[in-house]
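**Q** Got a structure for you, questions after.
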Amino acid sequence: MTPLHLERREPARNRQRFYNIAVTRTLFDGWALVREWGRIGQPGAIREAWFETESATIEARASDFSAPQLPFLFIL
């Protein structure tokens with residue numbers, strides 16, 4: 001699955017944020033949802049969630065985009 005990269009840039013307000021999300025395979029035949037966010041140009045915070053199946057991981061990824069905190073981001 002293709003990783004998704006979102007950014008918000010507002011130089012007038014000094015806001016430069018990013019959000020990355022990816023579904024990846026683990027070393028032990030599981031699946032992981034990897035999310036990273038933070039300020040552009042700086043190392044971001046990373047959160048990983050592990051799942052047994054790819055479909056469960058994709059469902060979790062889809063639910064991230066229904067969260068109320070994401071409307072301020074722009075897709076590149």
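**Q** The conditions are (1) surrounded by fewer than 12 Cβ atoms within 10 Å (Cβ to Cβ); (2) at pLDDT 90 or above, and Arg39 fails exactly one of them. Which is it?
**A** (1) is the only condition that Arg39 fails.
**Q** What strands (runs of 3 or more DSSP E) lie completely within the stretch 1-51 and have 1 or more residues being within 11 Å of the chain's Cα centre (by Cα) and of a type in the set (Phe, Trp, Tyr)?
**A** Values: elements: 4-10, 15-25, 31-39, 45-51.
Of the strands (runs of 3 or more DSSP E) lying wholly inside the stretch 1-51, those with at least 1 residues that are within 11 Å of the chain's Cα centre (by Cα) and of a type in the set (Phe, Trp, Tyr) span 15-25, 31-39.
The values are calculated or read from the model by the stated rules, or taken from the named source; none is laboratory data. Predicted model only: the values in this text are computed from it and were never measured. Reconstructed Cβ throughout: ideal geometry from the backbone, glycine too, with neighbour counts over all protein chains shown.
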